[in-house]
Every structure is written in structure tokens, then in C-alpha cells.
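Student: Here it is, the structure, as C-alpha cells.
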Amino acid sequence: MLDAVRATCDVTARRDADPVSFVHAFATREDRELAGLLAACLAFGNVTTIRNKLADIRARLGPSLTRAAASLPGLQKKLAGFVHRVFRADDVARLLHGARRCQDLHGSLEATFRAGYPAGRAATADDTWEALACFVDAIRREGPLPRTSPHGFRGPAHLLPDVRSGAGAKRLFLFLRWMARPADGVDLGVWSLSPSLLFCPVDTHILKLGRNLGLTLRADGGATTVREITAGLALFDPADPVKYDFSLCHLGMATRCREAYEPTVCDGCPARSACRHAPSDGDTSLSKKKRAPTNTPVRPEPRARNAPFAR
Ligand code: SF4
């Protein structure tokens with residue numbers, strides 16, 4: 001079923017409706033790292049609005065983010081007046097400048113991120129959380145972009161998550177997916193990090209699909225849910241569990257899945273065969289009320305909730 005969902009995804013059309021298209025507009029590795037971080041961190045709210053805001057930033061900063069991000073005062077001037085949700089021009093300027101400084105100090109954002117893994121042994125997926133937290137620390141330090149604003153604005157805290165607090169870090173795992181997964185028309189393969197170290201970016205669509213497909217029973221998008229959904233997907237491809245993310249997410253967007261059996265939507269859904277809400281083939285008699293309630297595990301769970309996570 002997961003392979004069918006991937007196979008039926010119109011990658012070109014869906015990519016053009018996704019914030020990742022912003023990253024593809026840049027050619028160099030350095031620009032793609034900055035563009036990916038920026039697009040992922042602003043991927044908050046309506047996707048059309050996000051794309052328009054990213055286009056606005058591109059028009060203001062010109063074709064080279066690397067050059068534009070070298071000067072914090074220059075960024076602040078060019079971005080003056082920019083607002084997206086709780087994020088203001090100064091937040092975006094400090095994010096880009098902090099990331100650019102990290103590229104200068106470490107050679108790349110990949111090297112900055114890798115520096116957060118323990119030295120002297122092979123990295124595991126569990127280590128990725130602390131590496132991500134260290135990556136956030138480095139950008140905040142270099143921005144500087146402290147979590148708390150002297151003016152009480154919420155943007156600085158929200159722009160980069162507090163990974164150590166149990167946040168699901170959806171937007172940063174989206175950035176990692178874009179950078180580290182092999183180039184496939186959506187993800188860009190900019191980094192050489194193993195895709196087995198990645199976790200699924202759990203947004204509202206993945207959470208809904210994850211529940212429908214029995215990958216999790218949880219209703220929040222926190223770190224535990226992220227681990228459960230990723231562990232479920234890893235059963236099908238431990239080397240690259242996140243490869244299913246884009247097509248599943250866009251399936252949820254395209255179908256406007258309601259977590260309930262709606263024949264006009266569900267009967268054409270490529271995830272139907274594994275969905276807890278859809279009747280099995282030939283069974284058209286069950287009404288919606290007779291189907292399993294959302295919190296009943298009707299599919300074998302991929303792993304027990306408290307089982308140690310490993311790939
Ligand atoms: S079959 Fe229906 S409820 Fe299940 S995932 Fe597809 S659209 Fe959603």
C-alpha cells in the first residue's frame with residue numbers, strides 16, 4: 001500500500017505546490033542549505049501563503065542567499081516589514097545570518113549538524129534528536145537568535161523548536177528530509193547523512209494518516225508520536241523510512257481525509273486497503289457508526305508503544 005501511494009503520487013505537480021519548490025530554485029549547495037532551512041522554518045500555516053511569503057523573501061534577497069545572509073544589518077534592511085504569522089523580519093534575518101555564520105565556521109550546515117552526533121562511535125537514530133538540539137543551539141548562538149524576545153514577541157521561540165522539551169520538531173525534520181534523502185525530484189540529496197537517521201516530519205496530514213493506518217494511536221505531534229510513526233514506516237524500509245512521507249502527506253492534502261469512511265473520497269484512496277475506516281473489499285454493508293472507533297487498534301501495531309526504538 002505504501003509503495004502504491006508513492007507510485008500514484010504526481011511528484012512534479014505536488015512538488016510545485018510544496019514549500020520544497022523554493023529550495024529547488026537555488027543551484028549551489030550553500031544556497032540550498034539556507035533556502036531549505038528558511039522554507040522549512042516558515043512552513044507554518046496555509047501552504048499557498050507560505051509559498052507567497054517565500055517568493056517575497058526571494059525577491060527581496062536576490063538570487064544568492066549566501067551573499068545576502070553575510071550581513072545581519074543588510075538582511076534586516078532588505079527584510080524590513082516582512083511578517084509571516086508570528087515571525088517578523090528580524091527573526092528571519094537572524095535565522096539566516098546564524099545559519100550563514102555556521103556555514104562559515106563549520107564549512108556547511110551539514111558539518112554543523114554532524115558535529116552534534118557523539119564522537120568515537122557510529123551514530124544511531126536516537127542520537128539525531130540531540131544532534132538536532134545542538135544544531136538549533138549553534139544557529140541561535142550565531143544569529144544571535146535567543147528564544148526570548150525583549151519585546152515579548154513569540155517569533156524567536158517558535159522559529160526553531162526546543163527539541164529537548166519533547167517537541168516533534170516537524171519543520172526541522174522536514175529540512176533534514178530535504179537535505180539528506182537522495183535526490184528524487186522532491187528531496188535534494190545535498191547531504192551525505194544516512195536517511196536511516198531521519199525521523200518523519202509529523203504534520204496534521206501525517207498524524208491523521210498515521211492514525212488511520214495504525215502507525216500510532218496518539219493524537220499529538222510530539223516526539224513520541226514521531227518515533228512511533230517512523231518506527232512503523234521503518235518496518236517497510238529501515239534504510240529510508242521517511243521516503244514515504246511526501247506522498248502520504250500529499251495524499252492527506254489531496255483527499256482532505258476526514259478520518260472517517262466517505263465513499264466518494266475513500267473508494268479512490270490508494271491507502272484504502274490498510275485504512276482502519278474503510279470496509280474490506282466486498283463489504284459495503286457497514287455503516288460509519290459500526291466501524292472501529294478511532295482509538296481501537298484494528299491493525300497489528302508495528303511495535304509496542306514502549307518498545308525500544310531501533311533501526
Ligand atoms: S481511505 Fe478514507 S479515511 Fe482512509 S486514509 Fe483514505 S481518505 Fe482517509
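Student: Scan the range 262-284 for residues that are under 27 Å from the mean Cα position of the chain (by Cα) and surrounded by 14 or more Cβ atoms within 10 Å (Cβ to Cβ) and jot them down.
Tutor: Within the range 262-284, the first condition is being under 27 Å from the mean Cα position of the chain (by Cα), and the residues that meet it are 265-266, 268-277.
The answer is Val265, Cys266, Cys269, Pro270, Ala271, Arg272, Ala274, Cys275, Arg276, His277.
Student: Same structure again: Just need a number here: residues in the range 113-126 that are outside any loop (DSSP other than H, G, I, E, B) and touching a Phe, Trp or Tyr at 6+ places or on another chain (Cβ under 6 Å). Please lay out each step first, then the result.
Tutor: Step one: list which residues in the range 113-126 are outside any loop (DSSP other than H, G, I, E, B), which gives 113-114.
Adding the requirement that they be touching a Phe, Trp or Tyr at 6+ places or on another chain (Cβ under 6 Å) leaves 113.
Total satisfying the criteria: 1.
Student: Filter the range 142-188 for residues that are of a type outside the set (A, V, I, L, M, F, W, C) and in a helix (DSSP H, G or I) and give the result. Even if it seems obvious, please write down each step before you answer.
Tutor: At the first step, the residues of the range 142-188 found to be of a type outside the set (A, V, I, L, M, F, W, C) are 142-144, 146-152, 154-156, 158, 161-162, 164-166, 168, 170-171, 177, 181-182, 184-185, 187.
The answer is Glu142, Gly155, Pro156, His158, Arg164, Ser165, Lys170, Arg171, Arg177.
Student: Here are the criteria: (1) touching a residue at least 40 places away in the same chain (Cβ under 8 Å); (2) part of a loop (DSSP other than H, G, I, E, B); (3) within 13 Å of the ligand (Cβ to nearest atom). Tell me which single one Arg258 does not satisfy.
Tutor: (1)
Student: Looking only at the range 163-212, how many residues end up being within 16 Å of the ligand (Cβ to nearest atom) and acidic (Asp, Glu)?
Tutor: Qualifying residue count for the region: 1.
Student: Of (1) more than 10 Å from the ligand (Cβ to nearest atom); (2) modelled with pLDDT of 95 or more; (3) not charged (D, E, K, R), Cys275 satisfies all except one. Which?
Tutor: (1)
Student: Still on this structure: Could you run through the range 192-209 and say how many residues are surrounded by 22 or more Cβ atoms within 10 Å (Cβ to Cβ) and in contact (Cβ under 8 Å) with a residue 24 or more places away in the chain? Walk me through how you get there before you give the answer.
Tutor: Taking the range 192-209 and keeping what is surrounded by 22 or more Cβ atoms within 10 Å (Cβ to Cβ), we get 198-202, 206-207, 209.
Checking which are in contact (Cβ under 8 Å) with a residue 24 or more places away in the chain leaves us with 198-202, 206, 209.
Residues meeting the conditions: 7.
Student: What's the number of the only condition in (1) surrounded by 17 or more Cβ atoms within 10 Å (Cβ to Cβ); (2) away from the ligand (no atom under 11 Å from the Cβ); (3) in contact (Cβ under 8 Å) with a residue 60 or more places away in the chain that Pro238 fails to meet?
Tutor: For Pro238, the exception is condition (1).
Student: Among the residues of the range 241-255, how many are within 10 Å of the ligand (Cβ to nearest atom), of a type in the set (A, V, I, L, M) and in contact with a helix residue (DSSP H, G or I) (Cβ under 7 Å, 6 or more places away or on another chain)? Full working, then the answer.
Tutor: Keep residues of the range 241-255 that are within 10 Å of the ligand (Cβ to nearest atom), which gives 248, 251-252, 254-255.
Cutting the leftovers down to of a type in the set (A, V, I, L, M) gives us 248, 251, 254.
Filter once more, keeping what is in contact with a helix residue (DSSP H, G or I) (Cβ under 7 Å, 6 or more places away or on another chain): 248, 251.
Selection size over the range 241-255: 2.
Student: Only residues in the range 267-279 that are in a helix (DSSP H, G or I) count as the first member; pair them with residues that are at pLDDT below 95 and charged (D, E, K, R), Cβ under 9 angstrom, at least 6 apart or cross-chain, and list the lot.
Tutor: Close Cβ pairs satisfying both conditions: Ser273/Asp281; Ala274/Arg299.
Student: Condition check: of a type in the set (Lys, Arg) and modelled with pLDDT under 95. Does Arg140 satisfy that? Let's see the steps before the verdict.
Tutor: Details: of a type in the set (Lys, Arg): yes; modelled with pLDDT under 95: no.
Considered against the rule, which asks whether it is of a type in the set (Lys, Arg) and modelled with pLDDT under 95, Arg140 comes out as no.
Student: Within the range 40-69, how many residues turn out to be surrounded by fewer than 16 Cβ atoms within 10 Å (Cβ to Cβ) and of a type in the set (A, V, I, L, M)?
Tutor: 3
Student: Oh, and also: Exactly one of (1) touching a Pro at 6+ places or on another chain (Cβ under 7 Å); (2) closer than 21 Å to Thr148 by Cα is unmet by Ala39. Its number?
Tutor: That leaves (2) as the condition not met.
Student: I would also like to ask the following. With respect to Asp91, determine if the residue is within 21 Å of the chain's Cα centre (by Cα), among the charged types (D, E, K, R), surrounded by fewer than 17 Cβ atoms within 10 Å (Cβ to Cβ) and not in a loop (DSSP other than H, G, I, E, B). Please lay out each step first, then the result.
Tutor: On the way: within 21 Å of the chain's Cα centre (by Cα): yes; among the charged types (D, E, K, R): yes; surrounded by fewer than 17 Cβ atoms within 10 Å (Cβ to Cβ): no; not in a loop (DSSP other than H, G, I, E, B): yes.
No, not satisfied.
The values are calculated or read from the model by the stated rules, or taken from the named source; none is laboratory data. Keep in mind that what you see is a predicted model, and the values were worked out from it rather than measured. Quick reminder, even Gly has a Cβ in these numbers, built from the backbone with ideal geometry, and neighbours come from all protein chains shown.
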